[in-house]
Amino acid sequence: MRFNFKIISIFIFSLFLYSCTSVPKEYTPSGMAEVTIYAPYDDVKGHLIQSAQLQGWSIVSDNNFQTRFTKPCGQAFQCAMVKAFIGNTYSTTPNLEFTYQYMRVNNGVKVIVSSYEATTQMAFGQINRANLLNNNETFNETLSNLKKHKSTIEGMASK
């Protein structure tokens, strides 16, 4: 019986150590999720907006330098955890929000995801936010999505 307890203890401790490991954050010059896309500004912005809207995101604000999107978090377990983390029983269902920033550079556009947040409104109107880009896995996933957009847009521009 003592032998089984040692094996189970080692197994649980191993799981604990494994769960503590973190995915390393990919390097970018600004420290934010960013890519430079070598295509006309209107093509870049149009593709990014269209792609976001097809995924259920709505435009909150838009100008020549940035576009801010929002969508309801939904009823998934992760959204319930977000509500428990940044809200309480009286707060609204969380929304997800993100912002693309555009900077014209030589022959292209630098696109930066400057914010990606979960937000909820408390009972008396206070807005609580949680920055999702602080999580390395989410940051890397966001950067990977930007790189996919870069490949798609530059492929369309070269035709």
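Taking the listed residues Ala123, Ala130, Ala80, Ala84, the one that is of a type in the set (A, V, I, L, M, F, W, C) and surrounded by 15 or more Cβ atoms within 10 Å (Cβ to Cβ) is Ala130, with no other qualifying. Residues that are within 16 Å of the chain's Cα centre (by Cα) and at pLDDT below 75 within region 83-97 are absent altogether.
For Asn107, indicate whether it is touching a Phe, Trp or Tyr at 6+ places or on another chain (Cβ under 7 Å) and not aromatic (Phe, Trp, Tyr). Answer is yes for this residue. Mind checking which residues of region 116-131 are touching an Asp or Glu at 6+ places or on another chain (Cβ under 7 Å) and touching a residue at least 24 places away in the same chain (Cβ under 8 Å)? Of everything in region 116-131, those that are touching an Asp or Glu at 6+ places or on another chain (Cβ under 7 Å) and touching a residue at least 24 places away in the same chain (Cβ under 8 Å) turn out to be Thr119, Arg129, Ala130. Taking region 29-58, which residues are closer than 11 Å to Lys110 by Cα and aliphatic (A, V, I, L, M)? Matches in region 29-58: Ala33, Val35, Ile37, Ala39, Val44. Is one or more of the residues making up region 60-81 modelled with pLDDT under 95, touching a Pro at 6+ places or on another chain (Cβ under 8 Å) and in a loop (DSSP other than H, G, I, E, B)? Within region 60-81 (the criterion being modelled with pLDDT under 95, touching a Pro at 6+ places or on another chain (Cβ under 8 Å) and in a loop (DSSP other than H, G, I, E, B)), the answer is yes, since at least one residue qualifies. All conditions in (1) within 19 Å of Thr36 (Cα to Cα); (2) modelled with pLDDT under 90; (3) assigned to a loop (DSSP other than H, G, I, E, B) hold for Gly155, with the sole exception of (3).
Annotation for region 83-102: no member residue is assigned to a strand (DSSP E or B) and basic (Lys, Arg).
The values are calculated or read from the model by the stated rules, or taken from the named source; none is laboratory data. Given the structure is predicted, the values throughout are model-derived calculations rather than measurements. FYI the Cβ positions are ideal-geometry reconstructions off the backbone, even for glycines, and counts take in every protein chain you see.
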